[in-house]
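Participant: Take this structure, written in structure tokens, and hold onto it; I'll ask about it next.
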Amino acid sequence: MKVMVQVHCSLLKKVSTMQYKDKLKDSRWLEFRKRVYEKDGHKCIICNTKDRPLNAHHRFYDNNKEPWDYSVGDLDTLCNWCHSSLHGDFGTT
């Protein structure tokens, strides 16, 4: 039991020190975003396209949660164009 706790604590420390871009490569995030896409029918909820790459967009952030620790309903599927537009960085990515 003690070894399991140590391993769990070690994993938590590793996740907490990961940069956000690295967390988006984590298998837990990759599986979670698939559920978001399924919820929204694999299309952008703004423009309804299925022809551009999709993003799972958090409606809000909680600093105490990892990207995959939200409810599926807390995220929306957006195409890369609408996602960039929403964040005000259209044309920079």
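Just so you know, all these numbers are worked out from the coordinates, no wet-lab data involved. Not measured: the values here are computed from a predicted model. Methodologically, a virtual Cβ is constructed for each residue, glycine included, from the backbone with ideal geometry; neighbour enumeration extends over all protein chains shown.
Participant: Please determine, by comparing only the residues of the range 32-52 that are without any contact (Cβ under 8 Å) to a residue 24 or more places away in the chain and basic (Lys, Arg), which one is nearest to Trp68 (Cα to Cα).
Facilitator: Only one residue tops the list, namely Lys34.
Participant: Another question about this same structure. Condition first: within 12 Å of the chain's Cα centre (by Cα) and charged (D, E, K, R). Can you find one or more residues in the range 47-55 that meet it? Can you show your working first?
Facilitator: Going residue by residue through the range 47-55, those that are within 12 Å of the chain's Cα centre (by Cα) are 54-55.
Narrowing further to those that are charged (D, E, K, R): none.
Within the range 47-55, none of the residues are within 12 Å of the chain's Cα centre (by Cα) and charged (D, E, K, R).
Participant: So, one more: Of everything in the range 38-93 that's among the aliphatic types (A, V, I, L, M) and over 18 Å from Leu24 (Cβ atoms), which residue is surrounded by the most Cβ atoms within 10 Å (Cβ to Cβ)? Spell out the reasoning first.
Facilitator: Taking the range 38-93 first, the residues among the aliphatic types (A, V, I, L, M) are 45-46, 54, 56, 72, 75, 78, 86.
After this cut, where a residue has to be over 18 Å from Leu24 (Cβ atoms) as well, the list is 45-46.
Values: Ile45: 14, Ile46: 16.
Among residues in the range 38-93 that are among the aliphatic types (A, V, I, L, M) and over 18 Å from Leu24 (Cβ atoms), the one surrounded by the most Cβ atoms within 10 Å (Cβ to Cβ) is Ile46.
Participant: Looking at the range 29-58, which of the residues that are β-branched (Val, Ile, Thr) and out of contact with any Cys (no Cβ under 7 Å at 6 or more places or on another chain) is nearest to Leu78 (Cα to Cα)?
Facilitator: Ile45
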